[in-house]
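Enquirer: Have a look at the structure that comes next, please.
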Amino acid sequence: MSIKAQTLIEVSEISKSYGDREAVKNLSFSVAEGTVLGLLGANGAGKTTIVNMLTTLTSIDTGHASICGYDVSSQPYEIRQLIGLAGQFAAIDEKLTARENLKLFGRLNKISGRNLNARIDDLLQRFRMADFADQIAGTCSGGQRRRLDVVSALIAKPATLFLDEPTTGLDPRSRADIWEVIEDLADEGTSVLLTTQYLHEADRLADEIVLIDHGMIVASGTPDELKRELNRDVLEIHLDSDVAFRSAVRLVNDQPDIGTDENAMTIRIPLSNGAVGSLALLRRLDDAGVTIRDFQVRRPTLDDVFLAFTDA
Ligand SMILES: Nc1ncnc2c1ncn2[C@@H]1O[C@H](COP(=O)(O)OP(=O)(O)OP(=O)(O)O)[C@@H](O)[C@H]1O
Ligand SMILES: [Mg+2]
């Protein structure tokens, strides 16, 4: 028997325009208790606008959104008790130390005294922040500040957490720390809405993905569903000189949706008839005397899904 998890975030046909620019158009999705929704999209797709609307930072023009049953537009006070937010740009006070920042966020969330100190000590230790806990935030490194910002959002153990590109600029170790925390929070029942530019991160963390382009949903589903939906393999060809790379690009340019990476001298070709199609293309290059360093035919990744569904 499967028990359907409760929906914590419900978004129904919301839209937002800035002047005559429609940043978000008629968007609907939901996030169940204890799940992570990955919101993906190119720069300017509308991710931050969505996060800002759901966290009451900007108004919703039309449509409805609710969190734990409370209406985002008409019950902003209640909503603010239910959410944690780490925005795309840090909200920390540069003149305070990391610990003082956490205290301030705690008090804003009406936690104080021994409870607050214990919570802060726990977070500082869990996020390996002891080294810079008493350093003025303005003198912390970019990655340290980012970590402080994400941790600030966790102080009140919110039911829903909004993280707008939480790991941008972090080193791999710090990124993995944040991933672990997000997974732990989801296991404990927190709903997380996460935007990210790292598709590998979405693949690893997100139960559901919503891919947006120009403010509209262009694809949604689990990472596996999205990859299956593409219904094609990818032939990746690596060349070993600029000349070979350019000749190869000319020779396969008739294929739809090819991707090229000049620096890596790599060509990526989506193929619905993986093995057979690959052989024909490789033979074409070989016949033209182009030397191939190596090649592989692989299943699509989320990168391929992203490229197929967006203008990026
Ligand atoms: N305050 C604003 N005034 C006018 N236009 C805005 C404003 N905020 C966002 N926009 C526009 O709305 C669109 C969506 O922007 P948004 O910041 O939501 O994108 P994003 O997906 O978060 O991009 P990024 O990946 O670069 O953070 C863009 O075209 C942007 O220029
Ligand atoms: Mg953004």
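The values are calculated or read from the model by the stated rules, or taken from the named source; none is laboratory data. These numbers were taken from a predicted model, which means no experiment stands behind them. So basically every Cβ, Gly included, is an ideal-geometry build from the backbone, and we count neighbours across all protein chains shown.
Enquirer: Among the residues of the range 42-54, write down those that are under 12 Å from the mean Cα position of the chain (by Cα) and more than 9 Å from ligand 2 (Cβ to nearest atom).
Expert: Within the range 42-54, ALA42 is the sole residue that qualifies.
Enquirer: Answer yes or no: is there a residue in the range 184-194 that is without any contact (Cβ under 8 Å) to a residue 40 or more places away in the chain, under 18 Å from LEU85 (Cα atoms) and either more than 16 Å from ligand 2 (Cβ to nearest atom) or not hydroxyl-bearing (Ser, Thr, Tyr) (or both).
Expert: Yes - at least one qualifying residue is present in the range 184-194.
Enquirer: Additional query: Of the residues SER15, SER66, which is over 20 Å from the mean Cα position of the chain (by Cα), within 16 Å of ligand 1 (Cβ to nearest atom) and either outside any loop (DSSP other than H, G, I, E, B) or surrounded by fewer than 18 Cβ atoms within 10 Å (Cβ to Cβ) (or both)?
Expert: Of the residues listed, the single one that is over 20 Å from the mean Cα position of the chain (by Cα), within 16 Å of ligand 1 (Cβ to nearest atom) and either outside any loop (DSSP other than H, G, I, E, B) or surrounded by fewer than 18 Cβ atoms within 10 Å (Cβ to Cβ) (or both) is SER15.
Enquirer: Going through ALA248, ALA244 one at a time, which residue ends up being buried (at least 19 other Cβ atoms within 10 Å of the Cβ), in the same structural domain as VAL297 (by TED's automatic domain parsing), out of contact with any strand residue (DSSP E or B) (no Cβ under 7 Å at 6 or more places or on another chain) and farther than 14 Å from ARG298 by Cα?
Expert: Only one candidate qualifies: ALA244.
Enquirer: May I pose another question? Return a yes/no flag: does the range 124-140 have any residue that is at pLDDT 95 or above, surrounded by 16 or more Cβ atoms within 10 Å (Cβ to Cβ), more than 16 Å from ligand 1 (Cβ to nearest atom) and of a type in the set (Val, Ile, Thr).
Expert: No: the range 124-140 contains no residue that is at pLDDT 95 or above, surrounded by 16 or more Cβ atoms within 10 Å (Cβ to Cβ), more than 16 Å from ligand 1 (Cβ to nearest atom) and of a type in the set (Val, Ile, Thr).
Enquirer: So, one more: In the range 234-248, is there at least one residue being within 20 Å of ASP287 (Cα to Cα), over 19 Å from the mean Cα position of the chain (by Cα) and β-branched (Val, Ile, Thr)?
Expert: Yes, that holds for at least one residue.
Enquirer: Here's a follow-up. What is the one condition in (1) surrounded by fewer than 17 Cβ atoms within 10 Å (Cβ to Cβ); (2) under 22 Å from VAL192 (Cβ atoms); (3) touching a strand residue (DSSP E or B) at 6+ places or on another chain (Cβ under 6 Å) that PRO76 does not satisfy?
Expert: Failing condition for PRO76: (3).
Enquirer: Hey, any hits in the range 27-34 for a residue that's buried (at least 16 other Cβ atoms within 10 Å of the Cβ), within 16 Å of ligand 2 (Cβ to nearest atom) and closer than 19 Å to ALA219 by Cα?
Expert: Checked the range 27-34: at least one residue is buried (at least 16 other Cβ atoms within 10 Å of the Cβ), within 16 Å of ligand 2 (Cβ to nearest atom) and closer than 19 Å to ALA219 by Cα.
Enquirer: Where the second residue is assigned to a helix (DSSP H, G or I) and within 8 Å of ligand 2 (Cβ to nearest atom) and the first is in contact (Cβ under 8 Å) with a residue 12 or more places away in the chain and lies in the range 35-50, which pairs have Cβ atoms under 7 Å and are six or more apart or on separate chains?
Expert: Once the first residue is in contact (Cβ under 8 Å) with a residue 12 or more places away in the chain and sits in the range 35-50, its partners that are assigned to a helix (DSSP H, G or I) and within 8 Å of ligand 2 (Cβ to nearest atom) give LEU39/LYS47; GLY41/LYS47.
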